[in-house]
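Colleague: The structure that follows is given in the form of structure tokens.
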Amino acid sequence: MLTLTVNGVAHQIDADPQTPLLWVLRDHLDKTGTKYGCGIAQCGACTVHLDGQPVRACQTKVGDVGTAAVTTIEGVSGRVAEAVRTAWRGLDVVQCGYCQSGQIMSAIGLLSSTPKPTDADIDGAMDGNVCRCGTYQRIRAAIHDAARTLA
Amino acid sequence: MLKVHPTPPAATPSRRAFLGGAAATGAVLIGFHLDAGKAVRAAAGPDLSTLPAQPNAFVRIAADDTVTVMIKHLDMGQGNATGLATILADELDADWAQVRTAFAPADATLYANLLMGPVQGTGGSTAIANSWFQLRKAGAAARAMLVAAAAARWKVPASEITVASGVVAHAASNRQARFGELAEAAASQPVPQEPRLKDPSQWRLIGTKVARLDSAAKTDGSAVYALDIRRPGQVTAVVAHAPRFGGVVAAVDDKAARAVPGVIDVVRIPTGVAVIAKDTWSAIRGRDALVLTWDDAGAETRSSDAILASYREMARRPGLVASERGDPEAAIKGSAKVLEAEFTFPYLAHAAMEPLNATIERASDGGYDVYAGCQLHSVEQAVIAGTLGVTTDKVRLHTQWAGGSFGRRATPGADYLAEAAAILRATGAKAPVHLVWTREDDMAGGFYRPTVLHTLKAGLDAKGAITGWTHTMVGKSILIGSPFETMMVKNGVDATTVEGASDTPYALPAFRFTVHNAREGVPVLWWRSVGHTHTAQVMEVFIDELAQAAGADPLAFRLGLLSSAPRLSGVLKLAAEKAGWGSPAAKGSGLGIAGHESFGSYVAMVADITAEDAKVKVNRIVAAVDVGIAVNPDVIRAQVEGAVGFALSSVLRNRITLKDGVVQERNFDAYEPTRMSEMPLVEVHIMPSTAAPTGIGEPGVPVLAPSISNAIFAATGQRLRSLPLDLSGMKGV
């Protein structure tokens, strides 16, 4: 049994420590907001926060999480998260929406460390998050909008 | 808000395309008209304005005042749930804040796509186009029923009652009621069959920016996709498929797989070997442990290079004539200049972000419940029923938000749903089965945009006018060999393969288009904009070459050939004007233009690129679109922006290749979608129009490639034709 803290709640998990955190979240805890896209850290759909830092849950073994706090799209909150969600909704960024949990988690990570990101900062932080619908223009605009809100 | 005038109903008598044929199971007869795009623009298409109003099928008003619009289509990101709700809510005079959506069940008697015949399904960019009159009428009828209920309750004339923003009012007596207060009484009112539709000047939602109805749920993790379905007691299945298309299992050693913790069962099914486990990771690990031997006797074992080489052989022989006028050979022979070109296109995977998956269970009433991103409901229902050996009425489809599709979920044989049903059957339907395709399964699973070869020859006279044009295309038909072959293929020509070229709007005095149907074992399918994915590149690059050879401006050359295509000319001019066409470009940069009609919508793009050695940076795309009345202008802009992001990686690098029959690209590392840093600025201009609305899910895709190809020529003088663009020899300036 492993103890895993997700969105502030401690869970006892019966899983092989080698299991990717992604599948523990989705299949053991029904936290299905975190998405499976590629399984090889090429698309970012599974992005969650470990102690506030964005990581790819498909490449994070649950046994390596230890006492770090896991935050998923369902639980992420605070001023930055609120600004990001508001900006996303204001610009109607989403299309199919499947990648957007990961996009939002990466964007919150970016704005938490870099409150006024340049376009180059956005490229750097967001290039690992694929959106097959091609919503990048609005994601970029929404990040700038959120930064203005937070300023 | 756009100022528009109502479109008079088409004068042509109604002619629905009821076509008979056998579905994939062979057991169920359904009609199907897949060439819905043609129906949109054809004068002989069905007259959708004369169908009766069906408010009960499309709107639910609850006591809590919510208005739920039933969505008969799949929303895979294109925003049709919002668009369809807009149409109905406007006629109903609902407040946008009270509007919700729900996906309709599979029921072709109520929810057929009116441009596909009596089949419920989504494709050909038809969701808005086929629903336009249907939902306006449903909304108007529901509004009239609310008014009638209020008139009866208040004992006032219905003509004195007004409705606005979800409130029904009678000013003279100072009475008003919310929709929810009248809903029950309204339901017992007779349904008016010919409710009065609004004059466009009365529209309050259509033509404005309304907030997408799925934005909130898709930004907090609560939106449910099929992969998120969790049924009580469900088991997860992954399937080992043959490494080569057409291969079958010869032998299975599942001892190690069964020993993997969490694995429950291993079953053979027609498409391979399914590992059933208590969760996804256990199922994947169980599959890794299978020891399988495959029989490739009936498999496609060629490499993609060999397949393309066989196409070049075929192109030298006479093909099937898809379109012909005049004597193009003779005309070309006497020309001052003759141009020849070859274009090749690779297989492309759809690679939607949500890999294919479905959940299926047997219910206590003997029926079956299926949870999936259903796209061809009627076909899927029939295929699942056939697989389970039950009648279609036993199969209930629960459509979920789809994490993309781009055509992949609309498979004539409903492949992955048949597989899910086969696993349920093989496991005795003991537990709900949640079938998951991994990214690798999804990408290597076939049903690609076909690989295609085009060879062309055209002549110019001394004044630079086109004399004749011959055009040969080789590719695997999407429909030949499918259950729809007998219905949809005429004289061997599959319209979904040649569309956009054999029916070119350019005034070519002598023209012949011939086609060869290749018959390889690789399954092919429509991929966002179907035949236009290659025909637009061929037509718009070759026209550019002819313009250059004629010493003409590429825009002026096109317009000179499009006098009978005013809407296409219109978007070309609008895009050119907004992009600053004709102004000098910086060294190493260039503008390229392309325009194309698909699915009844007209799109032009001007690409602004910078060429560096073996690299191209797409700086800006200026697009102009004519989709008739713009129901949701912001959704239209989003679809065009997204089409650029979606298609760019297929222009620059994506290809599916086979080595000895085995797919080489299996994940996003080898088949890399467009990323943030590559995304150009996209500017979208919408042509004001009074024409009935057409679709925009697909039509943004075709013109991106030729606009970029033509811009590269403008910047470097190098003509790149085939996709993905081979930049290896390109020199920047």
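Quick note: the coordinates plus some simple rules give every number you see, no bench work behind them. Just so you know, these numbers come straight off a predicted model, no measurement behind them. Heads up, the Cβs are rebuilt from the backbone with ideal geometry, glycines too, and the neighbour counts pull from every protein chain shown.
Colleague: Under 23 Å Cα-Cα from B:Lys617, which lysines qualify once same-chain neighbours fewer than 8 residues away are excluded?
Modeller: Partners found: B:Lys578, B:Lys587, B:Lys731.
Colleague: Run the dipole for the protein assembly as shown about the Cα centre, Lys and Arg Cβ at +1, Asp and Glu Cβ at -1, nothing else charged, and hand back the magnitude in debye, nearest 20.
Modeller: On the way: 83 positive and 84 negative charges, 201 e Å.
It comes to approximately 960 debye.
Colleague: Show me, for region B:151-163, the HN-Hα J-couplings you get by feeding each phi into the Karplus relation (A = 6.51, B = -1.76, C = 1.60, θ = phi - 60°), rounded to Hz, glycine and proline as x.
Modeller: 4, 5, 5, 8, 6, 10, x, 4, 5, 8, 8, 10, 10
Colleague: What ranking of B:Val379, B:Val662 emerges when the number of other C-beta atoms within 10 Å of each C-beta is taken as an exposure proxy, fewest first? Display every interim value, and only then the final one.
Modeller: Working: B:Val379 28, B:Val662 18.
Neighbour counts put them in this order, fewest first: B:Val662, B:Val379.
Colleague: Mind checking which lysines have their Cα closer than 17 Å to the Cα of B:Lys137? Skip sequence neighbours fewer than 8 apart in that chain.
Modeller: Straight-line reach from B:Lys137, under 17 Å: B:Lys72, B:Lys198.
Colleague: Taking every DSSP beta bridge with both residues inside chain B, roughly what % is antiparallel (nearest 5)? Don't skip to the answer; put the middle values down first.
Modeller: On the way: 87 of 116 bridges.
About 75 percent, rounded to the nearest 5.
Colleague: A further question follows. For region B:373-462, what ratio Rg/Rh do Cα atoms give with a Kirkwood hydrodynamic radius?
Modeller: Details: Rg = 18.8 Å, Rh = 15.6 Å.
Using Cα coordinates only, the ratio equals 1.21.
Colleague: Given points 7 Å out from each Cα along the Cα-Cβ axis, report the A:Met1 to A:Arg79 separation in nanometres with one decimal.
Modeller: Between A:Met1 and A:Arg79, the label points sit 4.0 nm apart.
Colleague: Which of B:Ala223, B:Gln234, B:Ala211 sits closest to the plus end of the dipole of region B:171-258, meaning its Cα is farthest towards the positive end, when Lys and Arg get +1 and Asp and Glu get -1 on the C-beta?
Modeller: The listed residue farthest towards the positive side: B:Ala211.
Colleague: Which percent of Cα-Cα pairs in region B:269-331 sits in each 5 Å bin, short to long?
Modeller: In order of increasing distance, the bins hold 4, 10, 11, 12, 9, 10, 9, 8, 7, 7, 6, 3, 4, 1 percent.
Colleague: Per DSSP H run of n ≥ 4, the term is -39500 (n - 2.57); total these for chain B, divide by its residue number, and report the mean residue ellipticity at 222 nm rounded to 500 deg cm²/dmol. All intermediate terms of the calculation are to be shown ahead of the outcome.
Modeller: Details: 20 runs with 206 residues, N = 733.
Using -39500 (n - 2.57) per qualifying helix, the result is -8500 deg cm²/dmol.
Colleague: If you plug each phi of region B:554-571 into the Karplus form 6.51 cos²θ - 1.76 cosθ + 1.60 with θ = phi - 60°, what whole-Hz ³J(HN,Hα) values come out, in order, with x for Gly and Pro?
Modeller: Values, residue by residue: x, 6, 4, 4, 4, 4, x, 9, 10, 5, 9, 10, x, 6, 5, 4, x, 6 Hz.
Colleague: Provide the per-residue ³J(HN,Hα) series for region B:412-429, in order, calculated from phi with Karplus coefficients 6.51, -1.76, 1.60 and θ = phi - 60°, each as a whole number of Hz, with x at glycine and proline positions.
Modeller: My calculation for region B:412-429 gives x, x, 6, 3, 6, 6, 4, 5, 4, 5, 5, 5, 4, 5, 5, 9, x, 6 Hz in order.
Colleague: Go through region B:361-452 and name the trypsin sites (Lys or Arg not before Pro) that are in a DSSP coil and have 10 or fewer other Cβ atoms within 10 Å of their Cβ.
Modeller: Details: sites: B:Arg362, B:Lys394, B:Arg396, B:Arg408, B:Arg409, B:Arg425, B:Lys430, B:Arg439; in loops: B:Arg408, B:Arg409, B:Lys430.
Here no trypsin sites (Lys or Arg not before Pro) fit, given the DSSP loop and packing criteria.
Colleague: At a threshold of 8 angstrom on Cα-Cα distance, excluding pairs fewer than six apart, so keeping six or more, what relative contact order does chain B reach in percent? Walk me through the numbers on the way to the answer.
Modeller: Numbers: 1738 pairs, mean separation 110.3, N = 733.
RCO, chain B: 15 percent.
Colleague: Please report B:Lys209, B:Lys72, B:Lys490 as a ranked list, fewest other C-beta atoms within 10 angstrom at the top and most at the bottom.
Modeller: Working: B:Lys209 13, B:Lys72 29, B:Lys490 10.
So the ranking, lowest neighbour count to highest, is B:Lys490, B:Lys209, B:Lys72.
Colleague: Continuing with the same structure: Amide H neighbours of B:Asn667 under 5 Å, counting only residues 5+ apart in sequence or on other chains, H built in-plane at 1.01 Å?
Modeller: Under 5 Å from the amide H of B:Asn667 lies no amide H from a residue far enough along the sequence or on another chain.
Colleague: Rounded, prolate or oblate: which one fits region B:305-350, using the alpha carbon gyration tensor with axes a ≥ b ≥ c (rounded when a/c is under 1.5, else prolate when a/b beats b/c, else oblate)? Could the numbers behind the result be given before it?
Modeller: Values: a/c = 2.26, a/b = 1.98, b/c = 1.14.
It comes out prolate by the Cα gyration axes.
Colleague: Computed over the Cα atoms, what is the radius of gyration of region A:86-147 divided by 2.2 N^0.38 Å, N being its residue count?
Modeller: Working: Rg = 10.3 Å, N = 62, 2.2 N^0.38 = 10.6 Å.
Compactness ratio reported: 0.98.
Colleague: While we're here: Could you state the orientation-averaged shadow area of the convex hull built on the Cα atoms of chain B, in nm² to one decimal?
Modeller: Working: hull surface 131.4 nm².
Projected area, direction-averaged: 32.8 nm².
Colleague: Could you work out how far the C-alpha centroid of region B:86-112 sits from that of region B:442-506, in angstrom?
Modeller: Region B:86-112 and region B:442-506 have Cα centres spaced 37 Å from each other.
Colleague: Under a point-charge model restricted to the Cβ atoms of Lys and Arg (+1) and Asp and Glu (-1), what is the dipole moment magnitude of region B:362-490 relative to its Cα centre, in debye to the nearest 20?
Modeller: Numbers: 13 positive and 11 negative charges, 52 e Å.
It comes to approximately 260 debye.
Colleague: In debye, nearest 20: dipole of region B:518-666 around its Cα centre with unit charges on the Cβ of K, R (+) and D, E (-)?
Modeller: In total the dipole reaches around 240 debye.
Colleague: Also, quick follow-up: B:Val99's amide H: which non-local residues (gap 5+, or another chain) put their own amide H closer than 5 Å, with H modeled 1.01 Å from N in plane and none for Pro or chain starts?
Modeller: Long-range HN contacts for B:Val99: B:Val67.
Colleague: Can you find, among B:Ala547, B:Ser707, B:Leu146, the residue sitting farthest towards the positive end of the charge dipole of chain B, where Lys and Arg contribute +1 and Asp and Glu -1 at Cβ?
Modeller: B:Leu146
Colleague: Past 22 Å, Cα to Cα, is the threshold; run A:Lys116/B:Lys218; B:Lys337/B:Lys457; B:Lys333/B:Lys573 against it and keep the listed order.
Modeller: Values: A:Lys116/B:Lys218 25 Å; B:Lys337/B:Lys457 11 Å; B:Lys333/B:Lys573 33 Å.
Result: A:Lys116/B:Lys218; B:Lys333/B:Lys573 exceed 22 Å.
Colleague: Also, I was wondering about something else. Given C-alpha coordinates of region B:281-434, what is the ratio Rg to Rh with the Kirkwood estimate of Rh? Write out the running numbers ahead of the final one.
Modeller: Numbers: Rg = 23.4 Å, Rh = 20.1 Å.
Looking at region B:281-434, the ratio lands at 1.16.
Colleague: While we're on this one: Share of Cα-Cα pairs in the protein assembly as shown beyond 54 Å, in percent?
Modeller: On the way: 44858 of 390286 pairs.
For the protein assembly as shown, the fraction of Cα-Cα distances above 54 Å is 11 percent.
Colleague: Taking 0.36 nm per residue of separation and subtracting the Cα-Cα distance, what length does fully extending B:Asp305 through B:Ala363 add? Walk me through the numbers before you get to the answer.
Modeller: On the way: separation 58, 0.36 × 58 = 20.88 nm, distance 4.88 nm.
Stretched out fully, the B:Asp305 to B:Ala363 stretch lengthens by 16.0 nm.
Colleague: While we're looking at this one, here's another question. Going by amide H atoms built from the backbone, whose H comes under 5 Å of the H on B:Arg175, apart from near neighbours?
Modeller: Amide H neighbours of B:Arg175: B:His170.
Colleague: Excluding residues fewer than 8 places away in the same chain, name every one of the lysines whose C-alpha is closer than 17 Å to that of B:Lys278.
Modeller: Excluding near neighbours in sequence, the set is A:Lys31, B:Lys430.
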